[in-house]
Amino acid sequence: MFTPQSGILPAASSNGLFLLFRRRLGRRADAELKAFFATLPSKADELAAAHPEAQFCVVLGFGAEVWPEFYLGEKPELLRSFPRIPGAIHPAPSTSADVVLHLRAERYDLLHEFATMVVQASSHCLDVIETTHGFRYRDCRDLTGFVDGTENPQDEARAQVALVGSEDAAWAGGSYLHIQRYVHRMETWNKLPVKQQEAVIGRTKESNEELADDDKPLTAHISRVVIEENGEELEILRHSLPYGTPGGDQGLYFASYCKTPANFEKMLAKMIAPTSDGRVDHLLNFSRAVSGAAFFAPSREALARLAK
Ligand code: HEM
């Protein structure tokens with residue numbers, strides 16, 4: 001039996017805090033850092049138990065480059081760097097991030113407290129390179145005004161989609177995590193009539209219904225990311241949240257969990273490169289990615305092995 005980290009499967013939270021870390025020049029992950037990370041899930045449990053109403057949960061993940069320093073000689077079968085997609089028209093930058101911390105809760109103060117503790121305890125090896133506070137906007141809408149997350153898998157399908165199973169038994173209960181920070185061009189978007197916004201997304205804005213096939217352009221976001229293979233739709237579990245400051249950068253912090261990195265990679269390729277049918281995602285006329293990284297979030301049991 002393997003236990004996924006606490007932040008992967010639960011339903012969407014009101015607050016998310018995403019921290020990307022890079023290994024300090026010349027430093028390797030030492031025994032102290034590994035021992036600290038091995039106990040991170042139980043530290044998170046303690047905080048969650050002290051404030052049950054906050055539904056605090058956490059995910060820690062490692063990138064492909066730093067992986068060998070944490071787990072000598074063993075690696076999840078499909079762990080690889082963030083994809084570089086041939087023919088891409090819209091760039092999908094790859095950030096050299098080695099470790100990710102994804103915290104979620106109904107209370108932001110607990111996220112701040114926990115993240116501060118992690119940053120201090122790991123500072124001899126890791127530098128923080130990006131910190132983003134995501135928040136729930138209205139009824140789970142992206143800042144474009146469209147509800148985000150509707151077609152996420154529900155109930156037991158969440159684990160089936162997000163968690164590695166017996167196909168890679170040594171890493172069962174773990175999950176491939178991709179993040180991208182998107183900056184929206186809000187002024188341009190807000191000038192676009194709602195009918196045209198709906199054609200860009202592929203759903204209605206107020207009532208959040210999928211457009212009929214005849215009304216849904218092949219360039220709509222939904223048309224790009226819905227991919228059928230052998231009669232089944234590829235799925236990912238998204239935990240994206242809006243972020244930003246008034247007058248500063250604002251957009252969507254995209255985050256997805258899956259039992260394979262391939263689903264995200266195929267969806268992103270259909271969004272940014274015209275190689276499949278000559279089209280790309282028109283949402284990207286209004287938003288661009290400024291960071292991107294790929295990680296594996298090991299099961300709690302695999303994290304505990306770091307202490308040995
Ligand atoms: C600017 C960035 C993005 C925005 C604003 C955005 C917004 C949305 C919205 C509003 C929906 C419709 C509601 C829903 O089902 O959640 C949606 C669906 C979806 N998005 Fe995105 N998204 C973004 C980036 C991405 C990326 C990078 C991927 C994957 C590579 C992705 C994958 C999906 C998937 C799989 C669905 C569900 C499609 C369905 O089954 O109907 N999105 N997105």
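Results, tabulated for the structure shown:
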{"item": "Heavy atoms of residue 232: accessible area, 1.4 Å probe, square angstrom to 10", "result": "130 Å²"}
{"item": "In the range 67-111, the trypsin sites (Lys or Arg not before Pro) that fall in loop regions by DSSP, at most 12 other Cβ within 10 Å", "result": "84"}
{"item": "With DNA, RNA and ligands ignored, accessible area of residue 249 (1.4 Å probe; Å², nearest 10)", "result": "80 Å²"}
{"item": "Computed label-point distance, nm, for sites residue 139 and residue 65 using a 7 Å Cα→Cβ extension", "result": "4.4 nm"}
{"item": "Sequence-distant lysines (8 or more away, or on other chains) whose Cα lies within less than 28 Å of residue 205", "result": "191, 195, 216, 266, 270"}
{"item": "Partners for residue 34 among lysines (Cα-Cα distance below 17 Å; same-chain residues under 8 apart left out)", "result": "43, 75, 308"}
{"item": "Per-pair calculated FRET efficiency, R0 = 22 Å: residue 3 and residue 74 via Cβ, rounded to 0.05", "result": "0.70"}
{"item": "Area accessible to solvent at residue 288, 1.4 Å probe radius, in Å²", "result": "150 Å²"}
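The values are calculated or read from the model by the stated rules, or taken from the named source; none is laboratory data. Small disclaimer: the values here were computed from a predicted structure and weren't measured. In this analysis, Cβ positions are derived from the backbone assuming ideal geometry, glycine residues included, and neighbour counts consider all displayed protein chains. Side chains included, ligands, DNA and RNA excluded: accessible areas come from the protein's heavy atoms. Shrake-Rupley method; radii C 1.70, N 1.55, O 1.52, S 1.80 Å.
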